[in-house]
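What follows is a single structure, written as structure tokens, with notes after it.
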Amino acid sequence: MNAQIDSALDLLRQAADREPAAFSTSFGAEDMVLLDLIRGHALAIDIFTLDTGRLPEETHTLMQRVEERYGRCFRTWAPDADALQRLVAANGINGFYASVENRKACCAVRKVEPLARALAGKRAWVTGMRVQQAVTRTRLPAQEFDAERGLDKFNPLHDWTEAQVWNYIRTHDVPYNELHDRFYPSIGCAPCTRAIAVGEDIRAGRWWWENPESKECGLHRKPAAGQHAAAGNPTGEFA
Ligand code: SF4
């Protein structure tokens, strides 16, 4: 376990050295491990979250607990108000259930565009993604170049197991989203997240009405072919 932590810290330090670096958190279990490492080791990495306007109350409760434990250490980015009004007028308040196209349009307004603003001018982007999280992430590398955004992307927990994530959280008494205790292994917006049953894939509760292959919100797109990739992932693809 210590080797895993050292490896993650090494990647975080590499990201910090790219200055300016940013860590995007949705306050899931993996993100809480990274937040604890970043704050605990005083790494120069900005922390931000995307408040889509549809987050579960439990996530806001955790955000409050994070402020109490680590200080007011993260910035919150909201959707563009005009774009959101146009989206809801066109597709309805819960239009994301109607089609994959509508769902991706909602993610584009509530997540992807605010993410672009949050990452503007950054040279490194830290995420909490892991290989085992989804069929769309089986080739996730430790580090890659995001050609579209023009920055280095770091996935310090790419090779961690779910058990290792929770071992860290328990050992270091890290706060976490109480929805995890109610069988929500992956937590996003409230209307697009449900609890899973025993034996189901850990991403089964996200956009459960869609096929697994379409279950990404557009935040983590596949890099262009031929772009830089970390060792062990010669193509740089992960989706
Ligand atoms: S997860 Fe659901 S509510 Fe949240 S931005 Fe995507 S479609 Fe919209």
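Looking only at residues that are touching an Asp or Glu at 6+ places or on another chain (Cβ under 7 Å), more than 15 Å from the ligand (Cβ to nearest atom) and not in a strand (DSSP E or B) in region 98-134, which one is most open to solvent (accessible area, probe 1.4 Å)?
Here the answer is 123.
Determine whether residue 83 is open to solvent by less than 30 Å² (accessible area, probe 1.4 Å), over 20 Å from residue 190 (Cα atoms), within 14 Å of the ligand (Cβ to nearest atom) and hydrophobic (A, V, I, L, M, F, W, C).
Values: open to solvent by less than 30 Å² (accessible area, probe 1.4 Å): yes; over 20 Å from residue 190 (Cα atoms): yes; within 14 Å of the ligand (Cβ to nearest atom): yes; hydrophobic (A, V, I, L, M, F, W, C): yes.
Here the answer is yes, as residue 83 does meet what is asked.
Select, from 22, 29, 15, the only residue that is among the aliphatic types (A, V, I, L, M), closer than 20 Å to residue 175 by Cβ and under 18 Å from the mean Cα position of the chain (by Cα).
29
Does any residue of region 13-21 turn out to be among the small types (Gly, Ala, Ser), closer than 20 Å to residue 121 by Cβ, assigned to a helix (DSSP H, G or I) and open to solvent by less than 10 Å² (accessible area, probe 1.4 Å)? Give the steps one after another, and end with the answer.
Applying the first criterion (among the small types (Gly, Ala, Ser)) to region 13-21 yields 15-16, 21.
Those left that are additionally closer than 20 Å to residue 121 by Cβ: 15-16, 21.
Pick out the ones that are also assigned to a helix (DSSP H, G or I) and you get 15-16.
Next cut, open to solvent by less than 10 Å² (accessible area, probe 1.4 Å) only: 15.
Within region 13-21 (the criterion being among the small types (Gly, Ala, Ser), closer than 20 Å to residue 121 by Cβ, assigned to a helix (DSSP H, G or I) and open to solvent by less than 10 Å² (accessible area, probe 1.4 Å)), the answer is yes, since at least one residue qualifies.
Going through 53, 95, 71 one at a time, which residue ends up being more than 27 Å from residue 185 (Cβ to Cβ) and either free of Cβ contacts under 8 Å to residues at least 60 places away in the same chain or within 9 Å of the ligand (Cβ to nearest atom) (or both)? Steps first, please.
Values: 53 fails: more than 27 Å from residue 185 (Cβ to Cβ); 95 fails: more than 27 Å from residue 185 (Cβ to Cβ).
So the residue among 53, 95, 71 that is more than 27 Å from residue 185 (Cβ to Cβ) and either free of Cβ contacts under 8 Å to residues at least 60 places away in the same chain or within 9 Å of the ligand (Cβ to nearest atom) (or both) is 71.
Among the residues in region 182-193, are any outside any loop (DSSP other than H, G, I, E, B) and either in contact with a helix residue (DSSP H, G or I) (Cβ under 6 Å, 6 or more places away or on another chain) or more than 16 Å from the ligand (Cβ to nearest atom) (or both)?
Yes, region 182-193 has at least one match.
Considering region 22-60 alone, what residues qualify as being exposed (fewer than 15 other Cβ atoms within 10 Å of the Cβ) and either closer than 18 Å to residue 7 by Cβ or not small (Gly, Ala, Ser) (or both)?
40, 41, 57, 60
Inspect region 143-154 for any residue being over 15 Å from the mean Cα position of the chain (by Cα) and closer than 20 Å to residue 60 by Cβ and give the result as yes or no.
no
Kindly evaluate residue 46 against the criterion of being of a type in the set (Asp, Glu), touching a residue at least 24 places away in the same chain (Cβ under 8 Å) and more than 26 Å from residue 184 (Cβ to Cβ).
yes
So, in region 198-212, how many residues would count as being within 15 Å of the ligand (Cβ to nearest atom) and among the charged types (D, E, K, R)?
Counting residues in region 198-212 that are within 15 Å of the ligand (Cβ to nearest atom) and among the charged types (D, E, K, R) gives 3.
I'm trying to understand the selection: among the residues of region 145-162, which are over 22 Å from residue 46 (Cα atoms) and either modelled with pLDDT of 95 or more or assigned to a loop (DSSP other than H, G, I, E, B) (or both)?
Correct list: 159, 160, 161.
Which numbered condition trips up residue 175, out of (1) away from the ligand (no atom under 16 Å from the Cβ); (2) open to solvent by 30 Å² or more (accessible area, probe 1.4 Å); (3) over 16 Å from the mean Cα position of the chain (by Cα)?
Of (1) away from the ligand (no atom under 16 Å from the Cβ); (2) open to solvent by 30 Å² or more (accessible area, probe 1.4 Å); (3) over 16 Å from the mean Cα position of the chain (by Cα), only one is false for residue 175: (2).
The values are calculated or read from the model by the stated rules, or taken from the named source; none is laboratory data. It should be emphasised that the depicted structure is a prediction, and the values quoted were computed from it without experimental measurement. All Cβ positions, even for glycine, are placed from backbone atoms using ideal geometry, and neighbour counts span all protein chains on display. Ligands, DNA and RNA are excluded from the accessible area calculation, which covers all protein heavy atoms including side chains. Shrake-Rupley method; radii C 1.70, N 1.55, O 1.52, S 1.80 Å.
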